[in-house]
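A.B. asks: The structure under discussion is supplied below as C-alpha cells; questions concerning it will follow.
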Amino acid sequence: MNSACRRLFFGGALLFLLGMQVAGAVEIGNRNPLIGTWLLVKYVDTPENGEPIFAFGKEPVGHFIFTPGGHVAFSIMRNPPNIESPTSDPDPDACIPGWYCAYFGTYTVDIKNGAWVAHVLGTNIPGFLNTDQPRHFTIVGDTLVVSETYLSGGTRIKAERIFVREAVPRSRSP
C-alpha cells in the first residue's frame with residue numbers, strides 16, 4: 001500500500017471512530033432526562049421537629065440548566081431580592097450574598113440511581129469552589145425534585161428543591 005493510500009485509509013478509519021464516539025455521546029445525551037432548563041418553584045429546608053425555612057422566600061426565582069455536552073449552571077435568588085436582610089438559611093454553605101446563589105461547571109449523571117454530580121468551576125458559595133456536589137433527584141413528568149438531608153448543629157435538615165421543565169423559552173418584555 002503506498003503512502004497516499006495509507007493516509008487515506010487511516011484518515012478514514014480515524015473519522016469513522018470519531019463519528020462513532022460523537023454518535024454515542026449524542027445517544028447518551030438524548031437519554032439524559034436532565035437536559036434542558038428547569039425553573040425553580042420551591043426551595044425549602046425543614047429542620048427535624050421544626051418549621052420550614054424558605055431561605056429564598058416562598059416564591060423564589062431560579063434556573064438549573066443542563067446541556068447535552070455536560071455543562072451545568074445553577075442560579076437561585078429571592079423574588080424580589082431583599083439585599084438588606086441576611087439569610088436565615090441554616091446551611092453552612094450559604095451563599096454570599098445570602099439572597100443570590102449560583103454555580104457552574106460540568107456534570108456527570110447516573111440515571112439508574114437518580115443522581116448527578118456537579119463539578120463546580122465557579123460559584124459565590126465559598127465552600128463549593130472546585131468541589132464535586134452530588135445531588136439525588138427524581139423526575140415525574142415535567143417536575144424535577146431534588147431532595148437531601150444534611151446536619152446543621154446536630155439537627156437533621158430535610159432540603160427540598162422543586163423545579164418544572166421549561167417547555168418554551170420565555171421572551172423578554174420590551
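A.B. asks: Could you tell me which residue of region 106-119 is surrounded by the fewest Cβ atoms within 10 Å (Cβ to Cβ), considering only residues that are without any contact (Cβ under 8 Å) to a residue 40 or more places away in the chain and assigned to a strand (DSSP E or B)?
C.D. replies: 110
A.B. asks: Looking at region 55-66 only, could you name the residues that are farther than 17 Å from residue 123 by Cβ and either at pLDDT 95 or above or surrounded by fewer than 16 Cβ atoms within 10 Å (Cβ to Cβ) (or both)?
C.D. replies: Answer for region 55-66, where residues must be farther than 17 Å from residue 123 by Cβ and either at pLDDT 95 or above or surrounded by fewer than 16 Cβ atoms within 10 Å (Cβ to Cβ) (or both): 57, 58, 59.
A.B. asks: Restricting the first residue to region 139-165 and requiring it to be not assigned by TED's automatic domain parsing to the domain that holds residue 110 and surrounded by fewer than 13 Cβ atoms within 10 Å (Cβ to Cβ), which pairs with a second residue that is of a type in the set (Gly, Ala, Ser) and part of a strand (DSSP E or B) meet a Cβ separation below 6 Å and a spacing of at least six or different chains?
C.D. replies: none
A.B. asks: Taking the condition small (Gly, Ala, Ser), surrounded by fewer than 17 Cβ atoms within 10 Å (Cβ to Cβ), modelled with pLDDT of 95 or more and in contact with a strand residue (DSSP E or B) (Cβ under 8 Å, 6 or more places away or on another chain), does residue 122 pass?
C.D. replies: yes
A.B. asks: Right, another one. Which numbered condition trips up residue 130, out of (1) in a loop (DSSP other than H, G, I, E, B); (2) modelled with pLDDT under 95?
C.D. replies: (2)
A.B. asks: Let me ask you something else. Scan (1) modelled with pLDDT of 85 or more; (2) surrounded by fewer than 16 Cβ atoms within 10 Å (Cβ to Cβ); (3) not small (Gly, Ala, Ser); (4) not in a loop (DSSP other than H, G, I, E, B) for the single condition residue 38 breaks and write down its number.
C.D. replies: (2)
The values are calculated or read from the model by the stated rules, or taken from the named source; none is laboratory data. No experiment lies behind these values; they were computed from the predicted model shown. Cβ coordinates were reconstructed from backbone atoms using ideal geometry, including for glycine residues, and neighbour counts include every protein chain displayed.
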